[in-house]
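Enquirer: Starting off with a structure, shown below.
The values are calculated or read from the model by the stated rules, or taken from the named source; none is laboratory data. Source: prediction; values computed, not measured. Cβ: placed from backbone, ideal geometry, glycine included. Neighbour counts: every protein chain shown.
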Amino acid sequence: MRFINANFIKSAEKKSDFIVDDLPQIALVGRSNVGKSSLINLLTNNKKMAKTSSTPGRTRLVNYFNIDNKFYIVDLPGYGFAKASKNTTNAWDAVMNDYFVNNSKLKLVMVLLDSRHSPSQLDKQMIDYLAENEIPIVLIMTKIDKISRSDLNKNIDNISRSLRFNKSMIIPTSAEKRIGVDRIEQLLDEYIL
Ligand SMILES: Nc1nc2c(ncn2[C@@H]2O[C@H](COP(=O)(O)OP(=O)(O)OP(=O)(O)O)[C@@H](O)[C@H]2O)c(=O)[nH]1
Ligand SMILES: [Mg+2]
């Protein structure tokens, strides 16, 4: 499926603001600065769709993008933002929990991992949490333009082994070099029924 028309719909701060309608939802999670907003801009072919920033923690809200009136891409707040106080971290947990639990419209979560690093403790917690809640996950490796092909392959092997993920569910991407769009589009076809 090609993304033709993408529209930003709204930013939600809390459960009562979440969108509840008939369209399926595909969510993006990952630590601050991993490249969530950049991936949305890549997929929608619009650099201004989602705000990107070199300052981590810019996106603190649940942002909904409508794609061709077929589904939503949902940009969730980044985790592991060092400057966030304990209170904001708890608030983040609560909002994320509200979003994930009993969300029958949520079809797939793309967990973004920086291709240069091993998954952090927070990444693993996120993946375990989603698995426990029986939410389908795909791993998206970001910023592969910043790493050699052999290091990338090594990292993918390690992740596949340590997190027990089939390699078909690990997708290398680069927003910078526009890599990975085709595979993500193919995958979404399978999950948005
Ligand atoms: N070289 C390179 N840089 C990237 C890529 N993707 C994102 N970046 C850069 O990484 C930084 C963070 O990207 P964002 O897309 O804003 O990250 P985010 O996950 O949305 O961050 P938060 O909203 O703060 O959680 C920006 O400076 C981007 O330009 C990529 O594929 N390659
Ligand atoms: Mg962002």
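Enquirer: Taking into account only those residues within the stretch 25-39 that are outside any strand (DSSP E or B) and surrounded by fewer than 24 Cβ atoms within 10 Å (Cβ to Cβ), which is modelled with the lowest pLDDT? Let's see the steps before the verdict.
Expert: Going residue by residue through the stretch 25-39, those that are outside any strand (DSSP E or B) are 30, 32-39.
Cutting the leftovers down to surrounded by fewer than 24 Cβ atoms within 10 Å (Cβ to Cβ) gives us 32-33, 37-38.
Numbers: SER32: 88, ASN33: 91, SER37: 91, SER38: 95.
Going through the qualifying residues, I end up with SER32.
Enquirer: What's the total number of residues in the stretch 161-185 that are part of a helix (DSSP H, G or I) and over 16 Å from the mean Cα position of the chain (by Cα)? Walk me through it before giving the result.
Expert: Taking the stretch 161-185 and keeping what is part of a helix (DSSP H, G or I), we get 161-162, 167-169, 181-185.
Keeping just the survivors that are over 16 Å from the mean Cα position of the chain (by Cα) gives 161-162, 167-168, 182.
Number of matching residues: 5.
Matching residues to (1) over 15 Å from GLN25 (Cα atoms); (2) free of Cβ contacts under 8 Å to residues at least 24 places away in the same chain; (3) of a type in the set (Ser, Thr, Tyr); (4) within 13 Å of ligand 1 (Cβ to nearest atom):
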| position | (1), (2), (3), (4) |
| --- | --- |
| TYR99 | no, no, yes, no |
| VAL109 | no, no, no, no |
| ASP114 | yes, no, no, yes |
| ILE140 | yes, no, no, yes |
| LYS143 | yes, no, no, yes |
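Enquirer: Right, something else. Does ILE73 fit the bill of being at pLDDT 95 or above, more than 12 Å from the chain's Cα centre (by Cα), crowded, with 20+ Cβ neighbours inside 10 Å and within 22 Å of ALA6 (Cα to Cα)?
Expert: no
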